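Below is one structure, written out as structure tokens, with a few remarks after it.
The values are calculated or read from the model by the stated rules, or taken from the named source; none is laboratory data. Just so you know, these numbers come straight off a predicted model, no measurement behind them. Here the Cβ positions follow ideal geometry from the backbone for every residue, glycine too, while neighbour counts run over all protein chains shown.
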Amino acid sequence: MANTQSNLITVVDLGSSETRIVVAEVVGGALHYRGHGIARSAGLRKGVIMNLAEVAASIHEAAEQAEASAQVVVDRATVGIGGSHIKGINSHGVLSLGSRPRDVRREDVRAATDTARSISLPADREVLHLLPQQFLCDDQAGIQVPEGIHASKLEAHVHLVTASASIAQNVVTVLNRASIHVDDTVFEALAAADSVLGPDERELGVCLVDIGAGSSEFVIFHEGAVMHTSGLPIGGDHFTNDLALGLACPTAAAERLKCHFGNAVETLIPSDQEVEVPSTGDRPARLLPRRALGEILEARAREMFEMLRKNLQQADWLDRCASGIVLTGGGAQLEGIADIAESVLHKPVRLALPVPLQDMPDELRGPEFATVLGMVPYAYRARLVRVGEPVGWSERVRTWLARKGA
């Protein structure tokens, strides 16, 4: 039982609520489900590792389940990076090809993108991905594959996804502590996009919001390229904590109430319905109007999407999301949250489920698995580039540059 076969892919989603590991197998060029493991996360808060030993124990538990399910050893993987520390930057670089026009070569593309990457970053930031947006050859814009085009000047427009260097390193360290070698890291919202977005949405303009437990991340696509990325310090756990504080009930009870009776639109809850709310300590449970839950949840949902609206307006991308907003992640399952998003952002909103792997069990089809399932095709493409397998040049450029900001 070993995970050294070239046809096996393992990915890890280190969430604040759950740690998820999926093992996939490449069969005839297609990705098939092989096994998975899920463990409750400990030692994480808002996507940040607070206790290495506790996080490593959660990873080890999920890995053991995945090993038993897939009948392989989980000893290397691609892992997701997320949190409100994620910041995107657009940049461009220009390369002179000489005094006389000539054909653009592959090494010219690399040199132009290296120039675009050469921007000053704070000491505590690192480039997680370098994503090409477009190339210009002698000011001819909109070129996706510049190789072979005759020009005297090549300009690369790119998007840099940056992360806190210490937070990203801690993710790698904790997987190493759990005896898993990290092959690659990927921005979680970028991975989720692989699992839930269609090509038409990416072309017309779309904002994908991955609502996790401790934080939310989002990515904007336009004309097929990534144009803006960032994170929000609000996730599903904040809704739960608001209920626990507002209703004076235990956190575990607040989570159950949110999942079974919660609605982000207070007026959609019948005014005559009541729910039993446990109390803290030895106090008896109480009957409260169900709308009390909605009042608390709606306030938090509006705050989150107003924060998103402000970010998108400042970046000048809200009006250019013609396809609207796509919500995924475990936090997107809250009843009524899409309605609040529409009312705040004034855009069409849909809840997205991940595209399943072949042979995958139904239990992995919820939005909370969008990130970990999207990491599988990303890791597969990155592997093809590493080993030099034939891939379309356009896709090769994008994946080659995206891997750790190559």
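Filtering the stretch 307-356 to residues that are free of Cβ contacts under 8 Å to residues at least 40 places away in the same chain and β-branched (Val, Ile, Thr) leaves only 349.
Just for the stretch 251-275: of the residues that are acidic (Asp, Glu) and under 19 Å from residue 334 (Cα atoms), which one is surrounded by the fewest Cβ atoms within 10 Å (Cβ to Cβ)? My answer is 274.
Do the conditions hold for residue 267, that is, is it part of a helix (DSSP H, G or I), within 30 Å of residue 87 (Cα to Cα) and modelled with pLDDT of 95 or more? No, not satisfied. Please verify whether the stretch 72-80 includes one or more residues that are in a helix (DSSP H, G or I), surrounded by fewer than 16 Cβ atoms within 10 Å (Cβ to Cβ), in contact (Cβ under 8 Å) with a residue 12 or more places away in the chain and not polar (S, T, N, Q). There is no residue in the stretch 72-80 that is in a helix (DSSP H, G or I), surrounded by fewer than 16 Cβ atoms within 10 Å (Cβ to Cβ), in contact (Cβ under 8 Å) with a residue 12 or more places away in the chain and not polar (S, T, N, Q).
The set of residues in the stretch 324-356 that are outside any helix (DSSP H, G or I) and crowded, with 21+ Cβ neighbours inside 10 Å comprises 325, 326, 327, 328, 329, 334, 349, 352, 354.
Would you pick out the residues in the stretch 102-116 that are crowded, with 19+ Cβ neighbours inside 10 Å and part of a helix (DSSP H, G or I)? Result: 108, 109, 112, 113, 116. When residue 211 is tested against the conditions (1) touching a residue at least 12 places away in the same chain (Cβ under 8 Å); (2) surrounded by fewer than 24 Cβ atoms within 10 Å (Cβ to Cβ), the lone failure is (2).
Of everything in the stretch 309-322, what is surrounded by 13 or more Cβ atoms within 10 Å (Cβ to Cβ) and farther than 20 Å from residue 239 by Cα? Give them in sequence order. Selection gives 311, 312, 315, 317, 318, 320, 321, 322. The set of residues in the stretch 41-56 being over 19 Å from residue 188 (Cβ atoms) and in a helix (DSSP H, G or I) consists of 52, 53, 54, 56.
For the stretch 220-243, the set of residues classified as over 18 Å from the mean Cα position of the chain (by Cα) and farther than 12 Å from residue 303 by Cβ consists of 223, 240, 241, 243, listed by residue number.
So, in the stretch 10-19, of the ones that are hydroxyl-bearing (Ser, Thr, Tyr) and within 25 Å of residue 233 (Cβ to Cβ), which residue ends up surrounded by the most Cβ atoms within 10 Å (Cβ to Cβ)? Per the stated criteria, the residue is 19.
Just one residue in the set 194, 184 is closer than 20 Å to residue 376 by Cα and out of contact with any strand residue (DSSP E or B) (no Cβ under 6 Å at 6 or more places or on another chain); that residue is 194.
Scanning the stretch 20-49 for residues that are in contact (Cβ under 8 Å) with a residue 60 or more places away in the chain, farther than 22 Å from residue 217 by Cβ, among the small types (Gly, Ala, Ser) and crowded, with 20+ Cβ neighbours inside 10 Å gives a single hit, 24. Is it the case that some residue within the stretch 84-98 is β-branched (Val, Ile, Thr), farther than 27 Å from residue 9 by Cα, within 26 Å of the chain's Cα centre (by Cα) and surrounded by fewer than 20 Cβ atoms within 10 Å (Cβ to Cβ)? Yes - at least one qualifying residue is present in the stretch 84-98. In this structure, residue 306 qualifies as closer than 22 Å to residue 352 by Cα, modelled with pLDDT of 95 or more and exposed (fewer than 15 other Cβ atoms within 10 Å of the Cβ).
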